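Everything below concerns the one structure shown next.
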Amino acid sequence: MKRRGQNTSALFSFQKFSYLYFMQPVIIIHHHEITLKGNNRKWFEQKLLKNVRTALGELVPHSAITGGYGRFVIQLQSESKSELIIERLKYVFGLSNICIGVKVEQDIDAFTNASLDLLKDEQFKTIRVTTRRADKNFPIGSMEMNAKVGAAICEKFNVRANLTGPDETIFIEIADKVAYVYRAKVQGAGGLPSSISGKVVSLISAGFDSPVASWQMMKRGVTTVFVHFHSMPYTSQNSIDQVKQIVELLTKYQFKSKLYLVPFADVQNEIVLKTPMPLRVILYRRLMVRIAEAIAFKEKAEGLVTGEAVGQVASQTLRNIRNIDNAATLPILRPISGNDKEETMVIARKIGTYDISKEPYDDCCSFLAPRKPETWSNFHEIEVAEANLDIPTLIALAMEKQTIEQFSFPQSA
Ligand code: ATP
Ligand code: MG
C-alpha cells in the first residue's frame, strides 16, 4: 500500500474521500466481443461475471468482483495473490485483456503517482496515456489529463510519447466517485463466455487434432462433453491416461467436464468379422458417431465435434467425411477441417495439449486397421456391409459398458 502525494489538491481530495486514502490494488478485465446489444449484452455480462467468480473461486470473495461498462474490476486486499489470479483469468473465455492497477481518489496527483508506480519496473521507450471520463463532472478534460500525466512519465523515465504504437499504455478511468489507473498485463483468451452457446459432444482421442477442435468449440462458449473410445484390453491404458490429462487441462476453460470412456473392442471385432476389410475405418467411425449421438441425446447436446481435417489421412477425404456424417442426425462440427496440420500444432502448443499428445499411445483405430483403407467410399457398399451388423445392439452394449469421469477446476467449481 502506498500513500499518495501530500500536496494541497491531494489533501483536499483526501478530506473529500477520506475512505480512499490508500491506493487499493485492482485487476481490471475487459470484455471481448462487446458489439452485442440490449438484453443479449446483459446476459453475456452476467454469464461472464459468474464465470470470472467461478474461476477465481477461493482466491477472491464474490463481492470484490464488480462490473459494468464493458469491464469488471477485481478489488484485491493485497498484491500478493495477483499473479495467481491472473493465471486463472487467462483461461476465462470472453475476456480481451487483463490489466493491473490501482483504485485511487479522483485526483491528478494520485493518477500521476499511480502511473509512475505501475511503470517503475518496466522496460519501455514510448508511452501513451489514455483517459476515459465516465464521470463528466471531473474538472480536467481527457486530452489535458493525457498530456499532463504523460509529461510526468516522460520526464521521470526519460521516454517519449507515442500515440499510435507505444511500448506501454497507461489507462486512467474516471468512474463514479473513484478512479482507476492501470496498464495492460496480458491478453485474455478471447471468444465467448463458457456455457453461453449450448452443449456438444466431442469425440476426443489422444492425438493432436481433436483436443484443438474441442478447444475451438469451447472458445465459442460451447459446453463440451468428451467421449473417448478405447480398445482395452487389446490396447494399453495409454490413450485413456493421455485423454484424461487432456480433459483435465481443457477443464480449466469450462470449470467442469464429463468424460465418457467407451469400450470399443467388441464393436471392432464384429466389424472385422462381418464386413469387408477396406471399409473398416469408415465403419468404426460410423459406429463411433452413432454411439456419440446416443450420448448427445442423453446429455441434451445439440451436436457432435471431431478433429477431422479434409485430406489429412485416408479416412478424411471429402467423400469419407460425407459418409461418416450421414450416420448421425445431429450436425457434426469440424472446427479444424480447413486447417493445415501446422496451423493446428500452433494452437496445440499454445493451449498446452501438444506436450500430452506428442507422447506415444495406442489408438483404437490402428488396432485391426486395414492395410489399404478405402479413400473414396461408396455409400451403397457401406449400407450392404452394415446390413451384416446388429447396430442397435452394438450401440446398446457400448452405452451399457461405458464409464464416466468427472473433472472440475478449481476444486470449488
Ligand atoms: P486426432 O489427432 O484427433 O486423433 P487424426 O488426424 O489422428 O485426429 P483420426 O485418427 O482419423 O484423425 O480421427 C479422426 C477423428 O475421429 C478425431 O479427430 C476424433 O474426433 C475422432 N476419433 C478418432 N479416434 C478416436 C477415439 N479413440 N475416441 C474418440 N474419438 C476418436
Ligand atoms: Mg487419431
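On the basis of being assigned to a helix (DSSP H, G or I) and of a type in the set (Val, Ile, Thr), does Ile127 make the cut?
Details: assigned to a helix (DSSP H, G or I): no; of a type in the set (Val, Ile, Thr): yes.
For Ile127, the condition - assigned to a helix (DSSP H, G or I) and of a type in the set (Val, Ile, Thr) - is not met.
Considering Arg319, Arg334, which residue is of a type in the set (Lys, Arg), under 28 Å from Leu89 (Cα atoms) and at pLDDT 95 or above? So that I can check it myself, show each step before the final result.
Numbers: Arg319 fails: under 28 Å from Leu89 (Cα atoms).
It is Arg334.
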Inset, instruction - Report, by residue number, each residue of segment 316-340 that is part of a helix (DSSP H, G or I) and either in contact (Cβ under 8 Å) with a residue 60 or more places away in the chain or more than 9 Å from ligand 1 (Cβ to nearest atom) (or both). - result: Leu318, Arg319, Asn320, Ile321, Arg322, Asn323, Asp325
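Any residue in segment 246-259 that is assigned to a helix (DSSP H, G or I), assigned by TED's automatic domain parsing to the domain that holds Asp390, basic (Lys, Arg) and more than 16 Å from ligand 2 (Cβ to nearest atom)?
First, the residues of segment 246-259 that are assigned to a helix (DSSP H, G or I): 246-254.
Now narrow it down to the ones that are assigned by TED's automatic domain parsing to the domain that holds Asp390: 246-254.
Filter once more, so that each one left must be basic (Lys, Arg): 252.
If we keep only those that are more than 16 Å from ligand 2 (Cβ to nearest atom) too, we end up with 252.
So far as segment 246-259 goes, yes, one or more of its residues are assigned to a helix (DSSP H, G or I), assigned by TED's automatic domain parsing to the domain that holds Asp390, basic (Lys, Arg) and more than 16 Å from ligand 2 (Cβ to nearest atom).
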Legend entry - From the options Thr306, Thr275, Thr329, residue that is at pLDDT 95 or above, more than 22 Å from Met217 (Cβ to Cβ) and of a type in the set (Val, Ile, Thr): Thr275
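For every residue, the table says whether it meets (1) surrounded by 14 or more Cβ atoms within 10 Å (Cβ to Cβ); (2) among the β-branched types (Val, Ile, Thr); (3) within 14 Å of ligand 2 (Cβ to nearest atom); (4) touching a residue at least 12 places away in the same chain (Cβ under 8 Å).
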| position | (1), (2), (3), (4) |
| --- | --- |
| Thr344 | yes, yes, yes, yes |
| Ile351 | yes, yes, no, yes |
| Ser357 | yes, no, yes, yes |
| Asp362 | yes, no, yes, yes |
| Pro370 | yes, no, no, yes |
| Trp376 | no, no, no, yes |
| Glu383 | no, no, no, no |
| Glu386 | yes, no, no, yes |
Inset, instruction - Could you check, for segment 246-253, whether at least one of its residues is surrounded by fewer than 23 Cβ atoms within 10 Å (Cβ to Cβ) and touching a Gly at 6+ places or on another chain (Cβ under 8 Å)? - result: yes
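Consider segment 319-328. How many of its residues are out of contact with any helix residue (DSSP H, G or I) (no Cβ under 7 Å at 6 or more places or on another chain) and polar (S, T, N, Q)? I'd like the intermediate steps shown before the answer.
We begin by selecting, within segment 319-328, every residue out of contact with any helix residue (DSSP H, G or I) (no Cβ under 7 Å at 6 or more places or on another chain); these are 319, 321-322, 325-326.
Now restrict to residues that are polar (S, T, N, Q): 326.
Residues meeting the conditions: 1.
Rundown of residues vs (1) touching a Pro at 6+ places or on another chain (Cβ under 9 Å); (2) free of Cβ contacts under 8 Å to residues at least 60 places away in the same chain; (3) within 11 Å of ligand 1 (Cβ to nearest atom), yes/no style:
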residue	(1), (2), (3)
Met217	yes, no, no
Thr224	no, no, no
Val227	no, no, yes
Ser236	no, no, no
Ile240	no, yes, yes
Lys244	no, no, no
Val247	yes, no, no
Gln254	no, no, no
Leu259	no, no, yes
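From Val281, Val267, Val305, which residue is of a type in the set (A, V, I, L, M), buried (at least 17 other Cβ atoms within 10 Å of the Cβ) and in contact with a strand residue (DSSP E or B) (Cβ under 8 Å, 6 or more places away or on another chain)?
Values: Val281 fails: in contact with a strand residue (DSSP E or B) (Cβ under 8 Å, 6 or more places away or on another chain); Val267 fails: in contact with a strand residue (DSSP E or B) (Cβ under 8 Å, 6 or more places away or on another chain).
Within the list Val281, Val267, Val305, the selection yields Val305.
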Legend entry - Qualifying residues in segment 190-204 (those that are within 16 Å of ligand 1 (Cβ to nearest atom) and in a strand (DSSP E or B)) - the one farthest from the chain's Cα centre (by Cα): Leu203
Legend entry - Condition met for Leu279 (under 25 Å from the mean Cα position of the chain (by Cα) and away from ligand 2 (no atom under 16 Å from the Cβ)): no
Legend entry - Filtered residues of segment 87-111 (kept if over 16 Å from Arg183 (Cα atoms) and part of a strand (DSSP E or B)): Glu105
Inset, instruction - Could you pull out every one of the strands (runs of 3 or more DSSP E) wholly within segment 5-86 that has 3 or more residues that are surrounded by 14 or more Cβ atoms within 10 Å (Cβ to Cβ) and modelled with pLDDT of 90 or more? - result: 24-31, 71-75
Inset, instruction - Starting from residues that are modelled with pLDDT of 95 or more and among the hydroxyl-bearing types (Ser, Thr, Tyr), keep the ones in segment 196-212 and report whichever is farthest from ligand 2 (Cβ to nearest atom). - result: Ser202
Legend entry - Which numbered condition Asn158 fails, given (1) surrounded by fewer than 17 Cβ atoms within 10 Å (Cβ to Cβ); (2) without any contact (Cβ under 8 Å) to a residue 40 or more places away in the chain; (3) on the phi < 0 side of the Ramachandran plot: (3)
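The values are calculated or read from the model by the stated rules, or taken from the named source; none is laboratory data. All values reported here derive from a predicted model rather than from experimental measurement. Virtual Cβ from ideal backbone geometry, glycine too; neighbours counted across all protein chains shown.
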